[in-house]
Structure formats: structure tokens, C-alpha cells
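> Attaching a single structure in C-alpha cells format; questions to follow.
The values are calculated or read from the model by the stated rules, or taken from the named source; none is laboratory data. Please read these numbers as outputs of a predicted model, since none were measured by experiment. Methodologically, a virtual Cβ is constructed for each residue, glycine included, from the backbone with ideal geometry; neighbour enumeration extends over all protein chains shown.
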Amino acid sequence: MSKPSKTGNITFNGKTILEQEANAILLIAQRLDKSFSAAVELLVSCTGKIIISGMGKSGIIGQKIAATMSSTGSTALFLHPADAAHGDLGIVAHDDVIICLSKSGTTEELNFILPALRQIGARIIAMTGNLRSFLALNADITLDTGIEKEACPYDLAPTTSTTAMLAMGDALAMCLMQQKKFTQRDFALTHPKGSLGRQLTMKVSDIMAKGNAVPIVTQHASLTDLILEMTSKRYGVSAVVNGEGVLCGIFTDGDLRRLVQSGQEFLSLTAGEVMTPNPKTVTTGTMAKECLDILETWRITQLLVCDDEQRPVGMMHIHDLITLGL
């Protein structure tokens, strides 16, 4: 019988570790009780800052939790406990909530600052696997992140324990976000550089072509003039307006192909006779995300931008959105 390959053993070990960490999160979920609800309610009612603190690997997880909360509607930051003991406690105010992370609950640097936090008046949420520890007993609320064993083969390196803390932190942040009714629009305001941020903060007026770049003819224009206007601009389309400049319809290169394929005599027709009436339009205040939804829903590549009186003032093309990474 052949021995398992080295690659096979590595893959098996990797799968075992992932399953072990996943099972640890499931066990924490099963133990979740009213303390979690109390923690979320305390964070919702916080009128100051949410401050996360922890040493070593727990501290790194704390930084991530602080970043997640900051990006989802809560003022949160990370405070290193060693720095806190040497003056940085000055950032803590009586209306703040402190989340302290420690697997054992006996982290010296963290426990050293607990009495000072109490004197300041800040509320304390402990995230630990030791419910009888100094940290747990001195916290207002304790969240159980206890695990049976680290994924480390020697049960030493923080692995499963930090995964548990990270998952608990995500659960806090997401429930806090929901309780605060934090919306996609709110998310975009804290992520203006990202694709979603641009979709939800950029308006049509920020992107559209305007002025002479917008192809427009009157409804009495000849088909020849219509084609020249359509092809001289980069959109493969032209708006058709009446004598007052109000939109009547649209003519696209697709409409032109269908005319040619029909076999009928069309060169004597006017723009008003060949246009498609009631085209999809947006206003200058329409958000980029809404434009994208319209383009995708109706499977079109461009949108006319009209003012309140339905006069064309701009043109949006799907390529404009693609170029901006939307």
C-alpha cells in the first residue's frame, strides 16, 4: 500500500485546521446569550468613542474590529494598553466604551489599566475565554470567546482564539450597524475611493457630457443631418427635440441598422419619423448607481440627461461609468 503524498498530508492538515477554527466559531455562536445583546445596546447608546484594546495578536484583531466599526457608522479607535499606561489614557473619556480583548483575561498590560478606566468612568466590555479572570470580573459585560484548543499543533500560537475574537467583533460591528440603521449610502460616504462609494456619491452631473458634446437635432431635421449629428459625436445616438427644445425621442445606430435592413426607402424621412419616442432619461441629480441599474435593467448603453422641463442637457454612456470603475 502506497504512502500518502506529502502534498496530500499538507492539504489534509490545512483542511483540519480550517474545520477546527470553523467549529470553534459555531460553538461560540451556540453559547451566545443576553450578554451579547447587552453589549450591542451599550455600544448603540455610547455617546463618546468606542475604544478597542489588546496586546499582541489580540491587539491586531482589535485594530481590525476598530476599523470595521469606524467604516460602518461608529467612532472607534484602537488603544495599545502599554501606551495607555504611559499617558495615552488621556484619550479616554467618561462617556466612552472600552472593548478589552484577552484570551486568558490575565494580560498584565491590559489589567493594569482597568482601575484607571473605572475611575475615568468608561464602561468596559471584555472579550475573553476565561470567565473567572480579573478582566472578566472587572468588566461591565463579558463576551465568551473561549475555545477548546488552538489550531497550533502545540496549542501555543494564537490561532483559533484570535479567529473567535475576530468573528465576535464582526458580529458586534454588524449588529451595531443594523441597530444604527447604517445604510449603503452611509457606507459610501466612508468609502469614497471605492467602487460602491463612487456609485453612491457621484451624481450624473459629475460624469455626463454636456454642451456641444451632446448630439441633438430637431424633429424636422433630415435623416442625413440626423446621421451626421449622430456619427460626429461619440455616442452612436442622437436626441430628437421639438421647436422648444423639449425631448421628443431618440435615434440610435441600432435604429439605423434596422432601417437599412427593412429595405424601405428612408432617405427622405425626417428625424421625427424615424425616432423612438419616450426614451429612458435621468436628471442631473440622479446618482451614478441608479444610472448603472437603469442601463443594466434595460440593456442599453446610453442615457439622455434632461432638466425639469425635459430638455436634453447631457448624455451618459456606460463607458463613462466603466472608465470610472463603477
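> Any chance you could count how many residues in region 63-77 are free of Cβ contacts under 8 Å to residues at least 60 places away in the same chain and crowded, with 18+ Cβ neighbours inside 10 Å?
Taking region 63-77 first, the residues free of Cβ contacts under 8 Å to residues at least 60 places away in the same chain are 63, 66-67, 75-77.
With the extra rule that they be crowded, with 18+ Cβ neighbours inside 10 Å, the set shrinks to 66, 76.
Adding up the residues that qualify gives 2.
> Can you name every one of the strands (runs of 3 or more DSSP E) wholly within region 230-325 that holds 3 or more residues which are farther than 24 Å from ASP206 by Cβ?
It comes to 247-252.
> Restricting to region 248-268, and then to whatever is over 16 Å from ALA209 (Cβ atoms) and in contact with a Leu (Cβ under 7 Å, 6 or more places away or on another chain), can you tell me which residue is surrounded by the fewest Cβ atoms within 10 Å (Cβ to Cβ)?
In this case the residue turns out to be LEU267.
> I'm trying to understand the selection: among the residues of region 116-137, which are out of contact with any Ser or Thr (no Cβ under 7 Å at 6 or more places or on another chain), part of a helix (DSSP H, G or I) and not polar (S, T, N, Q)?
Just the residues of region 116-137 that are out of contact with any Ser or Thr (no Cβ under 7 Å at 6 or more places or on another chain), to begin with: 116-125, 132, 137.
Then drop every residue that is not part of a helix (DSSP H, G or I), which leaves 116-120, 137.
ALA116, LEU117, ARG118, ILE120, LEU137, listed by residue number.
> Now for a different question. Need the failing condition index for ARG185 against (1) at pLDDT below 95; (2) in contact with a Leu (Cβ under 6 Å, 6 or more places away or on another chain); (3) buried (at least 16 other Cβ atoms within 10 Å of the Cβ), just the number.
If we test ARG185 against (1) at pLDDT below 95; (2) in contact with a Leu (Cβ under 6 Å, 6 or more places away or on another chain); (3) buried (at least 16 other Cβ atoms within 10 Å of the Cβ), just (3) comes out false.
> Sticking with this one: Of all residues in region 180-192, which are touching a residue at least 12 places away in the same chain (Cβ under 8 Å) and not in a helix (DSSP H, G or I)?
LYS180, PHE182, HIS191
> If the requirement is being surrounded by 13 or more Cβ atoms within 10 Å (Cβ to Cβ) and assigned to a helix (DSSP H, G or I), which of these qualifies: GLU19, GLU41? Break it down into steps so the answer makes sense when it comes.
Working: GLU19 fails: surrounded by 13 or more Cβ atoms within 10 Å (Cβ to Cβ).
So the residue among GLU19, GLU41 that is surrounded by 13 or more Cβ atoms within 10 Å (Cβ to Cβ) and assigned to a helix (DSSP H, G or I) is GLU41.
> What number of residues in region 132-179 are without any contact (Cβ under 8 Å) to a residue 12 or more places away in the chain, over 19 Å from ILE28 (Cα atoms) and surrounded by 15 or more Cβ atoms within 10 Å (Cβ to Cβ)?
Summing the residues that are without any contact (Cβ under 8 Å) to a residue 12 or more places away in the chain, over 19 Å from ILE28 (Cα atoms) and surrounded by 15 or more Cβ atoms within 10 Å (Cβ to Cβ) in region 132-179 gives 0.
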